[in-house]
Amino acid sequence: VPGKYTWTQTLAELSVTIPLPPNTRAKDLKVVMSKKHLKVSLKNNDHHENAPQIDAPLTKPIILDDSFWTIEDSSRLVLTLQKSNQMEWWDAVCEGDPTINLQKIVPENSNLSDLDGETRQTVEKMMYDQRQKALGLPTAEEQKKFDILEKFKAAHPEMDFSNAKIS
């Protein structure tokens, strides 16, 4: 966000970097994070707040207990905001800020071992079916139907399936 901050995200968290005057210390800042709001301001020499650099509702809720802030190199405030929903991308940090095109996000690589059992099973089945289709072979579902039909044929040898149209 020009003139305010830069930010990046993963599915789990946001990282917001705000430039600060050189030699800024924690006691020079007032950072207030809530589940749905963010306020960051510098204190002046009288320890009163200046106009906030950020004072706006967040576009989506965060997990407050897992979110924190640090000062890096006495010149940058870095806020790490843990997303409440860790399966979605944010198009902006605060309401009213410019949005990004979510279609252009390149997701980070993940391993099948990172997934829970049910999701992993679904993804593995999809990968298997994709490979089978690419090789011109039946998918798991098609193979299952074929196997059931073959068992039925074997159980009923008296029936003639030679002219049957099966799809």
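Summary table below
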{"quantity": "Given (1) more than 13 Å from ASP97 (Cα to Cα); (2) in contact with a Leu (Cβ under 7 Å, 6 or more places away or on another chain); (3) at pLDDT below 95; (4) among the hydrophobic types (A, V, I, L, M, F, W, C), number of the condition ILE54 does not satisfy", "calculated": "(1)"}
{"quantity": "Lone qualifier among LEU77, LEU64, LEU102 - being surrounded by 11 or more Cβ atoms within 10 Å (Cβ to Cβ) and under 17 Å from ALA12 (Cβ atoms)", "calculated": "LEU64"}
{"quantity": "Some residue of region 13-27 being touching a helix residue (DSSP H, G or I) at 6+ places or on another chain (Cβ under 9 Å), open to solvent by 70 Å² or more (accessible area, probe 1.4 Å) and either within 10 Å of LEU77 (Cβ to Cβ) or modelled with pLDDT of 90 or more (or both)", "calculated": "no"}
{"quantity": "Residue check for SER67: hydroxyl-bearing (Ser, Thr, Tyr), farther than 18 Å from THR6 by Cβ and at pLDDT 90 or above", "calculated": "no"}
{"quantity": "Cross-chain or 6+ apart pairs with Cβ under 7 Å, region 119-147 first and open to solvent by less than 90 Å² (accessible area, probe 1.4 Å), then aromatic (Phe, Trp, Tyr)", "calculated": "PRO138/PHE146; ALA140/TYR128"}
{"quantity": "Members of region 31-42 found to be exposed (fewer than 15 other Cβ atoms within 10 Å of the Cβ) and out of contact with any helix residue (DSSP H, G or I) (no Cβ under 8 Å at 6 or more places or on another chain), listed by number", "calculated": "VAL32, LYS36"}
{"quantity": "Check on THR80, of a type in the set (Val, Ile, Thr) and either modelled with pLDDT under 95 or part of a helix (DSSP H, G or I) (or both)", "calculated": "no"}
{"quantity": "Among (1) in a loop (DSSP other than H, G, I, E, B); (2) hydrophobic (A, V, I, L, M, F, W, C); (3) surrounded by 12 or more Cβ atoms within 10 Å (Cβ to Cβ) - the single one ALA164 does not satisfy", "calculated": "(3)"}
{"quantity": "Criterion: surrounded by 14 or more Cβ atoms within 10 Å (Cβ to Cβ), charged (D, E, K, R), out of contact with any helix residue (DSSP H, G or I) (no Cβ under 7 Å at 6 or more places or on another chain) and modelled with pLDDT under 95 - qualifying residue of ASP97, ASP116", "calculated": "ASP97"}
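The values are calculated or read from the model by the stated rules, or taken from the named source; none is laboratory data. Since this is a predicted model, take the numbers as computed values, not measurements. Positions of Cβ are generated from backbone atoms using ideal geometry, with glycine treated the same way; all protein chains shown enter the neighbour counts. For accessibility, only protein heavy atoms count, side chains too; no ligands or nucleic acids. Shrake-Rupley method; radii C 1.70, N 1.55, O 1.52, S 1.80 Å.
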